[in-house]
Structure formats: C-alpha cells, structure tokens
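First comes the structure, then the notes that go with it.
Since every read-out is calculated from the coordinates, none of them should be taken as a lab result. Just so you know, these numbers come straight off a predicted model, no measurement behind them. Neighbour counts run over all protein chains shown; Cβ positions are idealised from the backbone, glycine included.
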Amino acid sequence: MPTPTPTSPVPLPRFHIRPQHGWINDPNGMTYAAGAWHVFYQHNPAGPVHADIHWGHASSPDLVTWTDHPIAFGPQPGGPDAFGCWSGAFAPGLGRPAVVYSGVAQSDGQSTVCLRWGSADLLTWSDPVVVGRTPHPEGVVIMRDPTPFTWAGRRWAIVGASVGAGEPAVLVFDAEDILDWRYAGRFADLTDPVLAGLPRAGIWECPQLVLIGDEAVLLVSRWLDGQLLEVLWVRGLIESASGAPRFRATGQAGVVDGGPSCYAPQVADGPGGPLLLGWVKPRPDQDGAVPVSGCLTLPRRLRLDADGLRSDVDPLVARALSSGATAQRVGSGRHTLPAYAACLLSGPARLTSEHASDAVLDLPEGTTVYVDADAAEAYPPSGPPITVRGLGGWRLELASGTAIVNRIDA
C-alpha cells in the first residue's frame, strides 16, 4: 500500500490508492489480468493540481496490497492527446491489451477517442491512434470518457456527452472494428422519462454499465456548469433501436454515494463480481504544502436487489482493515480517532473533522467507518456508502451505545 510522503505537513492516506506525489482523479482502465487487478488513474506527476494529465498505474493480487508502477503513458507532443490523456477504459477481447480514452489536443476540452496497445504486463504502451471522433453534425457539443461493452455478440462503446442546447446524453458507437468506431446514436438521453427526472446536468460524465443477468444499471457522474456533483445510478434494460443498443430505464434510480466527495467511478468485472472504484475529490482548502491531491475510494463490490444498486467494501479489504489487534471499545461521549482506523458503531454517532466544519456525518447504528488521514468512508446498514473529505483530526461523538475502534497500522 502507498505510504505517507515524509515531506507532507499532515498525514496522508495510507490504504486508499494514490500516487506518492502529484494529482490523482478518475480511475481508468481497470482490469483483472494474470492474477492481478490493475488500476490506472488520471495523474499529474508534476504537482498536486489538475494539469498535463497522464495515466498512473497500480496493481494488486488481492485488492489489499498495492504496487505502484511507473507512469503508463502521458500526452504526446503534437499528438491527439497533447493537452491530456483523459478518462477511458480497458478494451477487452482483442487478443492483446488495449485501452481507449479521451485524447484532448487543446485547452477547449474537445476530444477524440484514442487507443493505445499495451505489453502483456501492462507496463509499456504504444503511441496513440485515433479511432473515434465527436459527431458534431449530429448535434453533439462535446463528448468524453469512452467505455466498451458487449451486446448481442458485438462490441459497442458508450461515451458521455452534452448535446443540443447543453443537455446531457450518453452516446453509443459501434466499436466492433476497434480501430474504426462508427457513431450509432444516443444510448440514453432526456427523452426517457425516468432519466428526465434526474437532477439537472450539462454532461453525464464517465458513463458505466453494470450488466447483471438481463438487467442493466447505468451510472453517470453529474457535471453542471463546471461543478462535479453526485454520481447517479438508474436501473433498466438494453433494447434494440434500429439494431443499436439503447438504454430504457425501468423506474429505480439513486445515488452511488451519499457524500460530497466521490466522483467518476469505474466498474470492472473479475473474480468476486463487479468491482467499483471512485475518485475521492480533494478539498479546495487543502494545505498547499501537501504533495498529493486526491485518492481513490476503497474497492467496492456491487450487487442488485429489490431496492436497487448496493455496494460494500470488498470482503478481503474489509477483513484486512478490521482485524487488527489494537481494537478497543468506547462508550458515549466524544472521541478523537486515530489517523488510520476502522470503527463499527453499535449506536448512532456523529463523525466530524477538526478545522472542516462542513465535514459532518450523522450515522446510524450498524455503520462501519473507515478513516484514512483526511479521507473517510462510511458504510451504513442500508443505503449508499458515504464518502467525505475533511482536514484530518476525525472525532466520533456517541450519544448512546458503543463503538469498536480498530487502529490500522498498515
């Protein structure tokens, strides 16, 4: 697992994926290959600000112990990604590793879909090849964040977009020829009455599909006027529209995370079922001397039940974080938590962060809380997880009941 950078003026997350230095945002290119999970992510190695985006890389055999790898690739001067290698996904089923992503050539944010071929160990990558372009004549204003999937025995890909006068949509491309993507229409848009009832957005970023049996769950990250807001899920079906796949919502919808700090998750299939990782956004008031900005959420397993999409910390990860020998039981009152801790609540409690008055969580009995320096994730017995970024100094206030606090020494 990553360890704190010695020059940081404050503790940094230890058991959430992050680089040793620089900026991290969206998880990308997640895949399980040769006995290991590989997670790439948006990364600026030069400093803790969003600029000059490369792809960082970490891997793990068990989602608990992570190895940092050299940067996978970065912008190609004069190339289709000269301004940044933005978000994308692994492209399976090609006989050799490949990733697709939004290549941004200039500061206007307009993108093409770029593909890079990888080595068998996923450590070295080819120069980018443009395989798809924004269908501006079809009323698409901007698009980004491609994700391939298989439907009816054919490879397709969804891409987040803004269309018309600034409405959100998810586009679909025929990507059977991985080097020549053909625009095939809108996969999801506001003509669907359930989707029209979602909170207003300008772009549905980082669209993801969770396919469980005959059902599909569409995840979108809500971008509006430059703000990165909540991540939404909608339950539905994939149907044919003139031979191309189209999403039809069947009624249920909700948030992937109930806190203010999780954005742009990615989902991948592998041992144990669908796995989700999201970006834990940094705070704008983070100390400027802190050398790392951002981290990824804990690995979460997804399931679909009568109440909709549910997620929990991967069982191996939960066991590793909650099985230390330094656990103690605390009673009612206010308690300062260790910088790295896992807590199980047997009564309702309030979690707060010193010097961050907006980082407040009121949690029910049965919630498990993971504190990792300035990042905290809460998993209540029902409802979505809750991710919040504070400024460290986490405190737990119990009006009644008790909590088991396990100091994490990893």
* Structure fact -> At the level of C-alpha centres, the distance separating segment 326-343 and segment 59-122, in angstrom, is 40
* Could you pull out every residue, at least 5 positions away or on a different chain, whose amide H is within less than 5 Å of the one on ALA241? Hs are placed 1.01 Å off N in the peptide plane, and Pro or chain starts have none. => ARG246
* Within-15-Å neighbourhood charge of ARG283 [Cβ basis; K, R +1; D, E -1] -> -3
* **Residues with amide H under 5 Å from that of PHE187, placed H, sequence gap 5 or more** => VAL170, LEU171, VAL172
* Structure fact -> In whole angstrom, the spacing between the Cα centers of segment 127-189 and segment 282-325 equals 30
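Over all distinct alpha-carbon pairs, what is the Kirkwood Rh of the chain in angstrom? Mind showing how you got there, number by number?
Working: mean 1/r = 0.0462 Å⁻¹.
Taking every pair of different Cα atoms in the chain, averaging 1/r and inverting gives 21.6 Å.
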* To do: Between PRO260, PRO284, PRO364, find the one with the highest GNM mean-square fluctuation for the chain; connect C-alpha pairs within less than 10 Å.
  => PRO284
* Asked: Modelled label-to-label distance, GLN106 and ARG407, 7 Å Cα→beta-carbon offset: nm?
  -> 5.7
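So what is the calculated 222 nm ellipticity per residue for the chain, using -39500 (n - 2.57) for each DSSP H run with n of 4 or more, over all residues, to the nearest 500 deg cm²/dmol?
Numbers: 2 runs with 12 residues, N = 410.
Theoretical 222 nm ellipticity from helices: -500 deg cm²/dmol.
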* Step through the residues of segment 161-173 one at a time and calculate ³J(HN,Hα) from phi using the Karplus curve (6.51 cos²θ - 1.76 cosθ + 1.60, θ = phi - 60°), rounding each to whole Hz and writing x for Gly and Pro. => 7, 10, 10, x, 8, x, 9, x, 7, 10, 8, 10, 10
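If each residue of separation counts as 0.36 nm, what is the full-extension length gain between ASP62 and ASP362 once their alpha-carbon separation is subtracted? Could the numbers behind the result be given before it?
Working: separation 300, 0.36 × 300 = 108.00 nm, distance 3.17 nm.
Full extension from ASP62 to ASP362 adds 104.8 nm.
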* Structure fact -> Phi-derived 3J(HN,Hα) across segment 180-188 with the Karplus relation (6.51, -1.76, 1.60, θ = phi - 60°), rounded Hz, x for Gly and Pro, is 8, 7, 10, 4, 10, x, 9, 6, 7
* Structure fact -> Rounded to two decimals, the Debye log10 I(q)/I(0) of segment 25-93 (Cα scatterers, no solvent) at q = 0.17 Å⁻¹ is -0.63
* To do: In a Gaussian network model over the chain where Cα atoms closer than 10 Å are linked, find which of THR352, THR67, THR191 has the largest mean-square fluctuation.
  => THR191
* Tell me, what HN-Hα J-couplings in whole Hz come from the Karplus equation 6.51 cos²θ - 1.76 cosθ + 1.60 at θ = phi - 60° for each residue of segment 86-93, using x for Gly and Pro? -> 7, 5, x, 9, 6, 10, x, x
* Asked: Which far-off residues, 5 or more places away or on another chain, put their amide H under 5 Å from the one on ILE212, with H placed in the peptide plane?
  -> VAL217
* Any idea what the dipole of the chain comes to, in debye rounded to 20, about its Cα centre with Lys/Arg Cβ at +1 and Asp/Glu Cβ at -1? -> 460
